[in-house]
Structure formats: structure tokens, C-alpha cells
Amino acid sequence: MTVLAIDIGGTKFAAAAVDPGGTLVRRVELPVGADPTATLTELLDEVGTAGLTGVGIGSAGPVDAPAGTVSPVNIPSWRDFPLVTTVGRLLPGLPVVLAGDAQCMALGEWWRGSHVPRSRALLGIVVSTGVGGGIVLDGVPYLGPTGNAGHIGHITVDRDGELCPCGALGCLETVASGPSMVRWALANGWAAPAGHPDAKALAADARRAVPVAQRAFQRTADALAAAVLTTAALFDIDDVVIGGGVAAAGETLLTPLRQAVAKQAGLGFLRRLTVSPTSLERDAGLYGAAALALTAAAPDLSRQKGPLG
Ligand SMILES: [Zn+2]
């Protein structure tokens with residue numbers, strides 16, 4: 001039972017055939033072209049579709065899982081795009097399941113990441129141009145009725161904070177996303193390297209102990225810790241896994257984040273959670289999409305001894 005995993009990002013599409021043991025058999029990646037639908041078709045042609053039993057897709061959001069549509073923020077020509085129907089037409093007869101990209105990252109980390117024993121309750125967070133998340137409870141991704149569970153980027157961390165593009169005040173994303181961090185740092189006197197006012201340059205300056213860059217990461221760590229602990233209090237989270245472009249800063253983010261979690265955690269059960277970087281990096285979403293397809297094919301087996309073991 002080999003499934004096809006598809007990862008739809010804002011700038012690239014990836015796909016792989018994945019066997020039930022979790023091996024990526026063939027992996028292909030393409031930059032999103034001028035015509036994203038043509039890119040998708042080319043991707044499926046390149047990865048090959050013989051012998052597949054199902055398809056799992058993780059897509060940049062928002063997604064409407066019941067309708068099978070996606071509206072990735074960075075792909076303007078796809079608004080309410082019927083992704084599930086389109087892939088179903090390209091691969092007739094195969095079941096197609098869809099979830100958000102961060103949900104797939106979390107599921108991929110639970111399944112194939114380095115967390116042994118596996119978490120009973122895992123929270124995955126992608127800190128990048130936005131902040132996404134996903135929750136896996138007892139090996140089952142909790143997606144929610146509309147497929148949007150885990151939107152940790154839109155948890156309020158500051159009721160007096162900035163207006164978020166979503167319409168709410170003080171969302172985590174207004175503090176912790178890469179562009180938000182850069183905006184704050186520039187407004188507070190950061191002398192960014194010419195032409196590169198981005199989160200990567202900010203992380204480099206934080207490592208060089210530039211005070212404003214360090215404060216930007218501290219501010220992000222404090223906000224992330226508040227959102228992590230809020231989520232952990234609701235779901236009794238064991239493990240938090242962080243990925244995405246901002247998290248590529250490694251210990252520059254993780255060390256202040258772990259310290260902030262330790263400082264802010266009140267209740268005893270919150271003190272046991274661990275915070276670690278993604279162990280699968282850019283393939284976490286593909287593994288998660290594959291897991292989605294495998295569990296969809298055998299939902300009654302998905303809890304303890306199913307195809308995901
Ligand atoms: Zn928001």
C-alpha cells in the first residue's frame with residue numbers, strides 16, 4: 001500500500017510516493033510556476049502514479065477540508081481552488097484527503113520524527129512568513145470540523161496588541177512571524193544589512209549579540225511561550241516541535257523559548273512539556289500527508305497498531 005503525498009507550499013510544490021513503512025520512494029519538488037495548476041500536473045507526471053492506493057495533501061491555508069478547496073495566501077490565482085477534485089481528476093479512482101500544511105508537519109513529526117516514545121499529545125508549530133500549527137492526539141491528527149484546528153498563529157497573546165490581518169487584535173502572528181519580527185526590529189532601530197531586512201539576517205545579528213536583534217527574538221519567544229502554554233493547558237501537550245524559516249535560527253530561538261516556557265508555566269503538568277526543533281525539516285509535511293492518506297484508508301487502525309504503528 002503505497003500512497004502519494006503532496007505538499008503545497010506558497011513557493012514550491014513537493015510530492016513523493018511513500019510506502020507504509022514511511023520511506024519516501026520517489027520525491028520530486030518544483031517551484032510554483034505562473035500556472036500553479038500546470039505545476040501540479042507536471043509534479044504528478046514526474047513522481048509517477050502507478051501502484052498507488054491513495055493520496056494525502058498538505059496545503060498552505062486557509063483550507064476548507066469538507067469542500068476540498070484551498071486558498072493559499074501566496075498563490076493569488078487559487079482562491080477556493082478545488083484541489084481535491086483536481087487531483088482526483090488527475091488520478092481517477094484514488095481517495096484524496098486534504099489537511100493544512102502545519103497539521104501535516106505535526107503529523108509527520110509524530111509519525112517519523114525523533115520523538116520516542118511517541119507523544120500522546122504533540123503540538124507542531126511552523127514559524128515562517130505566518131505562524132501555523134497542528135495537534136496530534138494519540139496518533140490521530142485533530143483537524144476540526146472545517147479542517148482548521150491548530151491555528152495557533154491566531155491565538156491572542158496581547159489584547160492591546162497590533163491589529164492582525166485576520167481582523168483580531170494581538171494575534172501570535174503579529175509578533176512571532178518572520179515579517180512581524182523584522183518590522184518590529186526595524187521600528188526599534190535595527191540597522192539591517194542592505195537589501196536583506198529578513199528574519200535570517202535578524203537571526204545572524206542576534207547571534208552576534210546585537211541588542212535589538214536579541215530583543216526581537218526574546219519578544220517572539222515570550223509570545224510563542226504564551227501560545228504554547230495556552231494550547232498545552234487545553235490539550236495536556238507532551239511535546240512541542242517547531243519548524244519553519246524563523247525556527248531555522250535554531251538555538252537563537254529555542255533557548256529563549258525554552259526559558260520563557262519554564263518561566264511562564266504555572267501548573268505542574270505544563271512543566272513537563274518539551275520543546276524541540278523539527279527532526280524531519282522540509283519533509284515533515286510530506287510524511288504527514290502520507291500518514292493522512294494511510295490512516296484515511298484504515299481509520300479503525302489508526303490509533304495504536306494501525307498502518308502508522
Ligand atoms: Zn490573527
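No lab work stands behind these numbers, since they all come straight from the coordinates. Because the structure is predicted, anything quoted here is derived from the model rather than measured. No Cβ is skipped: glycine too gets one built from the backbone with ideal geometry, and neighbour counts run over all protein chains shown.
Spin-label model, Leu137 to Arg215: label points 7 Å out along the Cα-to-beta-carbon direction sit 4.1 nm apart.
From its DSSP helices (H runs of at least four residues, each -39,500 (n - 2.57)), the chain gives a residue-normalised ellipticity at 222 nm of -11000 deg cm²/dmol. Three principal axis extents of the chain based on alpha-carbon atoms, in descending order, are 56, 46, 33 Å. Full-extension gain between Arg183 and Ser279, please, as 0.36 nm times their residue separation minus the C-alpha to C-alpha distance. Working it through step by step, the gained length comes to 31.7 nm. In segment 114-279, taking the dipole from charged Cβ atoms about the Cα centre, the farthest positive-side position among Leu202, Leu123, Ala176 is held by Leu202.
With the simple spin-label model, which puts each label point 7 Å out from Cα in the Cβ direction, the Thr146 to Asp19 separation comes to 4.1 nm.
Using alpha carbon centroids, what distance separates segment 83-101 and segment 171-212, in Å? Cα centroid of segment 83-101 versus Cα centroid of segment 171-212: 39 Å apart.
A crude spin-label estimate for the pair Asp45 and Asp160, with each label 7 Å from Cα along the Cβ direction, gives 5.8 nm. For segment 114-279, the Cα-based Rg and Dmax, in that order, read 15.5, 48 Å.
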